[in-house]
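Some notes on the structure that comes next.
Read-outs: derived from the displayed coordinates by stated rules, not from any lab. Computed from a predicted structure; not experimentally measured. FYI the Cβ positions are ideal-geometry reconstructions off the backbone, even for glycines, and counts take in every protein chain you see.
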Amino acid sequence: MDKKSVNIVSPIILLAFGAMISFLIHLTIRGHLGLGINDPGFLSNIMLGFLGVFILGVWGTLAYVAFQIHKICQNK
Amino acid sequence: MQRQVIEGQLAAMPEEIGGKGFWTIFCILLFIIGAGICAYLYQVVYGLTVTGLSHTVFWGFYIMNFVFFIGISHAGTLISAILRLTGAEWRRPVTRVAEAITAFSIMVAGTMILADMGRPDRLLNMISHGRVQSPLLWDLLSVSSYLFSSSVYLFLPLIPDIALMRDKLTSKGWRWALYNLLSLNWKGTDVQRARLEKAISAMAIMIIPLAVSVHTVVAYVFAMTLRPMWHSTIMGPYFVIGAIFSGLAALLIVMAIVQKSLRLEGVLKEIHFQYLSNLLLVFFGAWFYGTICEYLVTGYGGASAEMRVLSSKMLEEHTWMFWTMIFCMAGTFFILTPWDWVVKRLRLPVATVSPWHAFPLMVLGWVGVFMTISFTPGNPLLWVSGVAYLILFFLILVPSLRQSTVSMAVSASLLVLVGMWLERYSIVVPTLTRPMLEYIGDGSYTPTWVEICITFAGFSAVGLLFMIFSKLFPLISIWEVCEAEEDIPAIVAKLTDEATLPASLQHGSLINESLEVKSNG
C-alpha cells in the first residue's frame with residue numbers, strides 16, 4: 001500500500017504555481033511592449049509590481065506547502 | 001480510551017449519514033440544479049436578452065450572487081485561520097464546517113461570473129488580453145488564487161482524518177481506494193505531524209491577507225468606476241466587514257443543521273453558538289458603522305447624481321429592498337443583544353429580565369416601520385416586510401425561543417443572510433438605474449425566470465456540494481478535537497507546578513475555570 005501511495009496534491013499545486021508565474025511573465029511582457037495597455041506608465045508599473053508581489057507571495061506559499069506535502073508523503 | 005471512543009464515533013459519521021430525509025433533500029437539490037443548467041443553456045443559445053439585464057443595467061442577480069457567495073466564503077478564513085493563529089481552543093469542532101463552506105461557496109461564486117458573461121468563451125479574453133490596470137483582472141487573479149488556496153486549506157487538516165477513516169474500513173471498496181489515495185501515506189509519525197503543522201500554519205498566515213484582498217478587489221470592481229455611490233473609499237473595508245458578517249451567519253446555520261441532524265450536541269455545544277453569536281454581534285456593529293458612514297456622507301454631500309441614487313433606494317422603486325434590509329438588521333440586533341447582561345451592567349432596578357422589558361424598544365421599532373411605509377404607501381412589498389418585522393418582534397417574546405442559544409443564533413443568522421443578500425441588491429442595481437448622463441434616462445431591472453432559476457441553482461449547488469462532502473468526510477476535525485482532549489491533563493499539571501502562583505490560584509478557581517473552558521470548548 002505504501003509503495004502505491006501517490007502524491008497527487010503537490011504536482012497540482014506546482015503546476016498551478018507555474019501557470020500563475022507564466023501569466024505574470026505574460027502580463028509583464030505585454031506591459032513592457034505596450035500591447036493592449038493604453039497607459040504603459042506609472043500606474044501600469046505600480047499595478048504590475050503589486051500583482052507580482054501578490055502572485056509570488058500567495059503562490060510561493062503554496063509552493064512551500066506543496067514541498068511539505070511531498071515530504072509528508074515520503075514520511076521524512 | 002476516551003480518544004478511541006471519540007475517533008470511532010466521529011469516523012463512522014459519513015457512513016451513518018444517508019437516511020430518507022438526506023436523499024430526499026439531495027434529489028430536490030439535484031432537480032433545482034438541473035433546472036438551473038437548463039436555464040443557463042437556454043441563455044447560452046439565445047443570449048443575455050433572455051435576462052432582465054440591459055445596456056443601462058448591465059449587472060443584476062448574477063453579480064449580486066457573486067458578491068454574496070464570495071462574502072459567505074469568508075467564514076472559513078475568520079473561524080479557521082484567525083482563530084487557529086490566535087490559539088482559540090474552542091474553534092476545533094467548527095473549523096471543518098467553516099473551511100468546507102468557504103471552498104464550496106467560492107466555487108459557486110465563479111459559476112455566477114460565467115453566467116453573467118453570457119458567452120463563457122469570453123473568459124479566455126481575460127487571460128490573453130487582460131489589462132493590468134483593470135480591476136477585473138485583479139479579481140480574476142485573487143478569486144482564482146483564493147479558490148485554489150481554500151481547497152488546499154480544506155484538504156490539509158483532512159489528511160489525518162482520511163487516514164483514520166481508511167484504517168477503520170473493514171473492506172477494500174471504492175471508499176478505501178479514495179481514502180488511500182488522499183491520505184498521502186499518512187502514518188501519524190512525529191515528522192509528518194510537524195510537516196503538517198508547518199503547512200497549515202503557512203496557509204493560515206497567507207490566507208488571511210488573501211481573503212481580505214479578494215473582497216477588497218471585488219469592491220474595487222465597483223469603487224474604481226466613477227459612478228454615484230460606488231466611487232467611495234469605504235467600499236473595500238465595507239465589503240470585507242459585510243463578507244465576514246454573512247460568512248459567520250452562514251456558518252451558524254450550517255452548524256445548527258449539522259448538530260441537529262447528526263445529533264452532535266456533545267461536540268458542537270451551546271458555547272460554540274454563543275461565541276459565534278457574540279462575534280456576529282461585533283460584526284453587526286462594524287457593518288452598522290460602515291452603513292452609517294456610507295449613507296450619511298452621501299446624504300450630507302448632496303451631489304445631484306448621488307442624491308438620485310440615494311432617493312431611488314430610500315423612497316422610490318428600490319425602497320422595499322433597502323428597508324427590508326434595514327428591518328432584517330434591526331431584528332438581528334434585537335435578537336443578538338444580551339439583554340440580561342445589559343440590565344446587569346447598567347444596574348437597572350429589575351430583578352429578572354423579561355422579554356417584555358424590551359417592549360418600549362419594540363414600539364419604537366414599529367413607529368419606525370410605519371413612518372417608513374408612510375413615505376411610499378403604494379408599495380405593497382414594503383408592507384409585507386413591515387408586517388414580517390412586527391411578527392419577528394412577537395416571536396422574540398416567546399420564552400422558549402429566547403432560552404435556546406441555538407434557535408436565537410439561527411434566527412439572527414437567517415435575518416443576516418436575507419439582509420446581506422438584499423444589501424448586495426441595494427449596492428449593485430440602484431446605481432445602474434440612475435446613469436451619470438441624465439439624458440440616457442433611468443434604467444429599470446426586473447429579473448427573469450432564467451436568472452431566478454440560476455440563482456436557486458447556485459444556492460442548491462452549495463448545499464449539494466456540502467452534502468456530498470459530508471457523505472465522504474467527517475464534518476468535525478477528529479484529530480484536532482482529540483488533541484484538545486489530550487491537552488487537559490497537561491494544562492492542569494502545568495498550573496499545579498507553578499510554584500510562583502499564589503496558593504489560591506494553584507488549587508482554586510483558575511484550574512477549575514480552565515478545565516471548564518476546555519471541556520466546554
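Numbers at a glance
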| item | result |
| --- | --- |
| Peptide-level mean, for B:209-219, of C-beta atoms on other protein chains within 10 Å | 1 |
| Charge context of B:Leu114, other residues only, Cβ under 15 angstrom, K/R +1, D/E -1 | -2 |
| Peptides B:257-265, B:218-226, B:416-424 ordered by average Cβ neighbours within 10 Å, highest first | B:416-424, B:218-226, B:257-265 |
| Residue-averaged beta-carbon neighbours from other chains (10 angstrom radius) around B:183-189 | 5 |
| Efficiency of FRET from Cβ geometry, B:Arg347 and B:Val282, R₀ 35 Å, rounded to 0.05 | 0.90 |
| Average partner coverage of B:124-130, which counts Cβ from other chains inside 10 Å | 2 |
| B:Asp121 versus B:Trp176: modelled label distance in nm, points set 7 Å from Cα along the beta carbon direction | 4.8 |
| Extension gain from B:Ile468 to B:Thr337, taking 0.36 nm per residue of separation minus the Cα-Cα distance | 43.6 nm |
| Set B:Lys260/B:Lys471; A:Lys71/B:Lys198; A:Lys71/B:Lys187; A:Lys76/B:Lys187; B:Lys20/B:Lys172; A:Lys71/B:Lys168 screened for pairs whose C-alpha atoms are more than 23 Å apart | B:Lys20/B:Lys172; A:Lys71/B:Lys168 |
| Relative pair counts by distance (%), Cα atoms of the stretch B:1-160, 5 Å bins | 1, 7, 11, 15, 16, 16, 12, 9, 6, 4, 2, 1, 0, 0 |
| FRET efficiency, 1/(1 + (r/R0)^6) with R0 41 Å, evaluated for A:Asn45 and A:Ile8 via beta carbons | 0.60 |
| Two-site label geometry, B:Ala88 and A:Ile29: point separation in nm, points 7 Å out along Cα→Cβ | 4.7 |
| Protection-proxy order for peptides B:33-41, B:101-109, B:294-302, each taking the mean of Cβ atoms within 10 Å per residue, highest first | B:101-109, B:33-41, B:294-302 |
| Distribution of pairwise C-alpha distances over the stretch B:141-265, 5 Å bins, in % | 2, 9, 12, 13, 15, 15, 13, 8, 5, 4, 3, 1, 0 |
